[in-house]
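After the structure tokens below, expect a handful of questions from me.
The values are calculated or read from the model by the stated rules, or taken from the named source; none is laboratory data. All figures in this text were calculated on a predicted structure; none of them were measured in a lab. Here Cβ is always computed from backbone atoms with ideal geometry, including for glycine, and neighbour counts include all displayed protein chains. With ligands, DNA and RNA removed, areas are computed over all heavy atoms of the protein, side chains included. Shrake-Rupley method; radii C 1.70, N 1.55, O 1.52, S 1.80 Å.
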Amino acid sequence: VQLVESGGGLVRAGGSLRLSCAASGSTYSFNAMGWYRQAPGKQREVVAGITNGGETTNYADSVKGRFTISRDNAKNTMYLQMNSLKPDATAVYYCMALLATRRYWGQGTKVTVSS
């Protein structure tokens, strides 16, 4: 399984970005997928998760109402729409896929939000 994130970049506070995570195999086979982030000097934290069919999503309290996770199994891709970005969202964002009991990770995409 290979996961490749894209869509990161530099944006001003209040702006938006959409991250994508393309999987080498069928995303429908994954039990769940999610987005994590790691800010400089901090531990990796979960941002959002989504179940196999996309019927259930969950979010960290800090992003609720501003971020939206989705997946398109036909395109083997997961997305994270990030709106009303704040400087504290600056981090490397990682895609995660859960297959059985094993987690797979992408290489990360950097998001920088300027004030």
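Among the strands (runs of 3 or more DSSP E) lying completely within the stretch 7-99, list those that include at least 1 residues that are of a type in the set (Val, Ile, Thr), at negative phi and modelled with pLDDT under 95.
Filter on the stretch 7-99 gives 45-51, 77-82.
One residue is enough: does the stretch 6-21 have a residue meeting the conditions over 20 Å from VAL92 (Cα atoms), in contact with a strand residue (DSSP E or B) (Cβ under 9 Å, 6 or more places away or on another chain) and surrounded by 13 or more Cβ atoms within 10 Å (Cβ to Cβ)?
No, because not a single residue in the stretch 6-21 is over 20 Å from VAL92 (Cα atoms), in contact with a strand residue (DSSP E or B) (Cβ under 9 Å, 6 or more places away or on another chain) and surrounded by 13 or more Cβ atoms within 10 Å (Cβ to Cβ).
Quick one: how many residues across the stretch 99-115 are in contact (Cβ under 8 Å) with a residue 60 or more places away in the chain and either closer than 24 Å to GLY25 by Cα or open to solvent by 60 Å² or more (accessible area, probe 1.4 Å) (or both)?
10
Take the stretch 28-68 and flag every residue that is touching a residue at least 40 places away in the same chain (Cβ under 8 Å), among the hydroxyl-bearing types (Ser, Thr, Tyr) and exposed (fewer than 14 other Cβ atoms within 10 Å of the Cβ).
TYR28
Please give the number of the condition MET96 fails out of (1) open to solvent by 50 Å² or more (accessible area, probe 1.4 Å); (2) touching a strand residue (DSSP E or B) at 6+ places or on another chain (Cβ under 6 Å); (3) among the aliphatic types (A, V, I, L, M).
It is condition (1) that MET96 fails.
Shifting gears a bit: Could you say which residue among LEU80, LEU3 is within 27 Å of SER115 (Cα to Cα) and hydrophobic (A, V, I, L, M, F, W, C)?
LEU80
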